[in-house]
Each structure stands twice: as C-alpha cells, then as structure tokens.
1. Looking at this structure, is residue 319 among the hydrophobic types (A, V, I, L, M, F, W, C), in contact with a Gly (Cβ under 6 Å, 6 or more places away or on another chain) and within 17 Å of residue 266 (Cβ to Cβ)?
2. Report, ordered by the first and then the second residue, all pairs with beta carbons closer than 6 Å, sequence separation of six or more or different chains, a first member in segment 253-280 that is surrounded by 20 or more Cβ atoms within 10 Å (Cβ to Cβ), and a second member that is part of a strand (DSSP E or B) and among the basic types (Lys, Arg).
3. Using the structure shown, decide if residue 307 is of a type in the set (D, E, K, R) and modelled with pLDDT of 95 or more.
4. Given the condition buried (at least 20 other Cβ atoms within 10 Å of the Cβ), of a type in the set (A, V, I, L, M, F, W, C) and within 18 Å of the chain's Cα centre (by Cα), answer yes or no: does some residue in segment 194-209 qualify?
5. Can you tell which of 112, 93, 126, 108 is over 30 Å from residue 175 (Cα atoms) and either assigned by TED's automatic domain parsing to the domain that holds residue 61 or free of Cβ contacts under 8 Å to residues at least 40 places away in the same chain (or both)?
6. Applying the selection to segment 39-92, what residues are among the aromatic types (Phe, Trp, Tyr) and more than 16 Å from residue 260 (Cα to Cα)?
7. Take residue 347 and tell me if it is surrounded by 17 or more Cβ atoms within 10 Å (Cβ to Cβ) and closer than 21 Å to residue 233 by Cβ.
8. Give me the residue from segment 148-163 that is under 16 Å from the mean Cα position of the chain (by Cα) and free of Cβ contacts under 8 Å to residues at least 60 places away in the same chain and, out of that set, nearest to residue 96 (Cα to Cα).
Amino acid sequence: MRTNVNSQLVRHLYVHVPFCPTICPFCSFHVLERRGPDVEAYLTRLDEELAELADHYDVRPDTVYVGGGTPSHLRPSELERLHRIVERRVGWAAIEATLEVHPSTASARRIADWSSLGFTRLSVGAQSFDDAVLRTLGRPHDGDAGRRTVEWCLATGAVTSVDIMTAIDGQDLGSDLSLAVALGADHVSAYTLTIEPDTPFEAIGVVVPDERAASALRTACDVLGAAGLERYEVSNHARPGKRCVHNQAYWMGAWFAGVGPSASSMLPDPDVPGGGAVRSTNAETPGWLAGESADCGRLDGDDLLGDALLCGLRMVEGVDLDRLAVRIGLDARIVRREAISQLIGDGLVELDGPRLRATEVGMMVLDRVAAELL
C-alpha cells in the first residue's frame, strides 16, 4: 500500500551492486569482493529499499541502470532475482535498461541471458585492449577478453557501449579507440584516469599530467568523431540515436532514485510542494544492510541552479537558461551574471540565445568553470 506518495514522477533508477571479482588500484567506488551470504543479504535489503521508495515516490522508470561494482559478477540466478525485485516493486525500464559488464565475467551464453532479461544496453568495461595497459590498471582480463565481450554484446542486438580509460602512461590511445570503432561499438566513453584519494594509485604516487589528460581528450574527439561517433558530453561519444538516455537524464537535471549501498538520489522534496529537492547518499554496505538512514541534504533554488549549470555544461549542447529559469525559478543570467561574464571573457563558455555552453577550451577545464559558477 502506497502512503504519502510524492506526486512528481521519478523516471530514472540506478541500482548499485557493490561486488567485484577484484578491486582495481584506481577505484574509489564502494566495492567489495563477493561472498554468498553477502549477496543473499544484499538482495533481501534491496527488495526492502525499493518497497520503501515506492511507498514515498511515484517511481515509474523510463531507464534502469545496474552498475557497480561489477553487476555482471552476480550469478545468473542472482541477477534474475534482482530483475524480478525491480520489476515487482517499481516496474522495469520502459525505454532503456543498462547493465555494466566486466570482461572477466562474460561469456556468449551469459550475455545472451542478460539480454533476454530485458537489458537493452550493455556497457563493457574494457578500459583498454592492450595487455600491458590492462596490467598497469590491475585488470584481471586481457585484451582478447575485452574484444570477445564487445562482439558477444553486439551479437545480441543490444546497444553496446565500451569504456576506454585514457591518459595512461605508455598507452596508444588511438589504437584502443580505433579497435572499439572497428568492433562496431555504438557508444564509447573515454574517461581520463583520475587519481582518487585513498586508492593504491595515490599511495604509490601515480600522477596524470594535465597536458596528457588534455591531449587524450583531443585524441578521443578526433578519432571517434572521424568514425561517426558524435561527442555529446565531455567523455561520451555515440552513433546517431545511441546516446545513454539514463546518463543524459542526470546531466539534464531529471529526478533519479539510487538504491543499493552508497547509491545517490536526487528527488523532489516532499515538504516543499512544487519546488526544492533532496539529495541523499546511502550508507556503505554494513550500515545499508542494517537499514541505516541515508545521508540527506535539502537543496534550495540556488543549490539547484548551481547543480544544473555544473551538470548541464558537461553536455556539448549546454544548458537552456530559459527552461532552467522556468523549472527552478531563478535566471542564471541574473544571479550568476558576473561569473558568466568572466567565463565568456576568458573564452571558456559562450552564450548563444538562451543556451549557455562550454567552449572546446572550457570542456578541458570544467573544474575551473565549476569553481567560477559556484
């Protein structure tokens, strides 16, 4: 029985699966190696959390994104149960359902089974097709496994995305990207290696020079653009009609719910009808399993404006400031006038009618753009 359901629809659901076959030295996400009892407890708590969510919000997903962690590390019966839980509690995705796939967990049979469950988009965490680079990244698969996984995913007819990590010392990035294109990838995410706090890479002093990172971004745009994969976000490139609908919703400021340990949500504030939002982050696995409350913070109009600008400027199309003003009741051209003028003068953003977008140079230094706007 639904009680106190917020009237605003929530159309995007993220499901975090924290289990991994190994933990990579660059990873800062909340992950852990799997054990049977942990997975059973996880699925039971996931069912409870989705029931609680459905009691308070009208969740009807257009998109479902199952990420991690390594959700493809779940056994077929476990992933099937996860699917049943989501479908029973809030319904399955009407438009797009994504599963993150680790090559070390993939086989042609398993991928076909995932597709038959209703996953219409498979995101392959190849990171590279070069064995030496994969060893540097601490990945448990080799280049051949990555290639086979992409081919198996494409054979199901699912939209197939390939993650390539960039700016790695000694990497032939052009070769990695060209192979992803040659395999027929519908979508490529070319992410810069970022050294996060409290990771093994930080502990041993790995550094990614800014110029190497910028050069990698330019290479990705050149190679993928020439192959017909249009850049639509800082790191994301797609063939026509193959963009990630779920991630676009994040960047465009749509409401989304995250379930599972450490998952984040952005939901309408039930105490502020017609305005305001609550951003929440779930506890890590022990607290989440025990039913510990999420860490929540209320966002007012100015918070929402800053968030919308930072996310929207990641998109090549930028932000429609007229629509944003209608949505949150604040006009960035007024309340962020000085910052926007400074960024325009510095050549980092441009204003074309109502649309504010980052320039090519601005895309390279979005952290600076963000600092100015906040």
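1. So residue 319 fits the description; yes.
2. From segment 253-280, the pairs are 266/279.
3. For residue 307, the condition - of a type in the set (D, E, K, R) and modelled with pLDDT of 95 or more - is not met.
4. no
5. The unique qualifying residue is 93.
6. If the condition is that a residue be among the aromatic types (Phe, Trp, Tyr) and more than 16 Å from residue 260 (Cα to Cα), then 57, 92 are the ones that fit.
7. When the stated conditions are applied, residue 347 does not pass them.
8. The qualifying residue nearest to residue 96 (Cα to Cα) is 160.
The values are calculated or read from the model by the stated rules, or taken from the named source; none is laboratory data. Keep in mind it's a predicted model, so treat the numbers as computed, not measured. Note that each Cβ is placed from the backbone with ideal geometry, even for glycine, and that neighbours are counted across all protein chains shown.
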